[in-house]
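See below for the structure under consideration.
Where a number appears in this text, it was derived from the coordinates with a stated rule and is not lab data. Model, not experiment: these values are computed from the prediction. Please note: Cβ atoms are built from the backbone with ideal geometry, for glycine as well, and neighbour counts cover all protein chains shown.
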Amino acid sequence: MKLLPFDYAIRNLGRSPKRLLLVIGGSALVCTLVLGSVAFSRGMETAMTASGLATNAFVVGSGSEESVERSEIPPSTGSILAASVDGLAMLAGQPAVSSEIHTAMPVSLVDAVSAEDAPPVLVRGFEPMAFAVHPQVRLREGRWPARGSDEVAAGPEALAKVPGSALGSHVAIAGVPFEIVGVFEAPGTVMHGEFWMRLDRLAQLTQRTTYSCVIAALGTAEIGDVDAFTSSRLDLESIAMTEHAYFAQLAEFFAPIRLLVLVTAILISSGGVLGGVNAMYAAFASRVREVGTLQALGFSRFAIAASLIVESTVACVSGSLVACVIGLALLDGVAIRFSMGSFGLAVDPSSLLAALLAGVLLGLLGAIPAIVRCLTLPIPSALRS
């Protein structure tokens, strides 16, 4: 079976530059939306994975497995855990056990807006041992807050949530002014978008007599040892899991949001799909006589259909390549902020592959109506059209 030359389909693309640009633009729009939705899902999944370490035990209150902000455990849990479980990692002769408070609170510049209108930001209460269990965190500027002081350290994305805030400025947390004395970074994790203050000061600010969680570096111990500890100490009303498992459950909790983003992108891009199909249909429908001539010359309908599919696919894949360039240049790493922190869009190979596949699919779908229109007519009718 004789096929039409490949360059025949490519030359036909240049017959109408405006129509070609319309098809490429519509394809680029659709593929950019698909790429962005996949990058959103991948970015959230990557941030959750990077935020939790499999080498850390995560102890929270019973019933709070999916939200550490709702968790409450006695302040003595950390010291009892350190004394009861053998094999925990040691730092300077002390067990690497960090008691923390996690809570979302309104944060704004001092006198900028009322506390009720300020955006919620996750504030973490910490003690120095927190750096042993969170090696992702590095101080970039300034210093860490002093014990009992009205001072905080902030991640870059936390500063972005409060326009005008910077090292040395004052922010109001729940209406109380705090000085930003340090800027830390934890790229690729939710901690990159948090405020950190000393544990005792946050407990005083929130009037809490309980903590949110205890995080312990396992060392030679196993998670089963910590689980046995929580099971035997019913008075503490706590459960244990690895930090990685906690964030995996959190990622499952946000799975409907990721699905909603993908469905929304598909619904919006359907308009671009219809526009691309109409453009390709108009481009091919005006060439019915040409298609009839090709059949009269001996080319089979399959060969002509293959040429039209190549022509449509090349145009749409060109749009998907434009979408990939846009994604890498403008979308990769863009921060998405939410109450628990932030994560960046991840334009990785999976996102790029999704955009390219969307371009191929759009090219195939766009060619089908035109093929049906051109090849269903008898040859005499096609030559007279």
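A few notes on this one:
- Largest GNM mean-square fluctuation among SER41, SER312, SER62, using the chain with Cα springs under 10 Å: SER62.
- Highest average first, the peptides 123-130, 24-31, 296-303 ordered by how many other beta carbon atoms sit within 10 Å of their residues are 24-31, 123-130, 296-303.
- For Cα extents along the principal axes in Å, calculated from these coordinates, the label among (i) 91, 49, 31; (ii) 87, 56, 47; (iii) 57, 57, 45: (i)
- Reported to the nearest whole Å, the Cα centre-to-centre distance from region 210-256 to region 154-169 is 31.
- Neighbour net charge for GLN204 - beta-carbon separation under 11 angstrom, K R +1, D E -1: +1
- Cα-based helix-to-principal-axis angle, 255-285 vs the chain, degrees rounded to 10: 20 degrees
- Each peptide among 160-167, 197-204 gets the average number of other Cβ atoms lying within 10 Å of its residues, and from highest to lowest they stand as 197-204, 160-167.
- Rounded to the nearest 500, the 222 nm mean residue ellipticity of the chain from helices alone is -16000 deg cm²/dmol, with -39,500 (n - 2.57) taken per DSSP H run of at least 4 residues.
- Packing around the peptides 85-96, 212-223, taken as the average count of other Cβ atoms within 10 Å per residue, puts them in this order, highest first: 212-223, 85-96.
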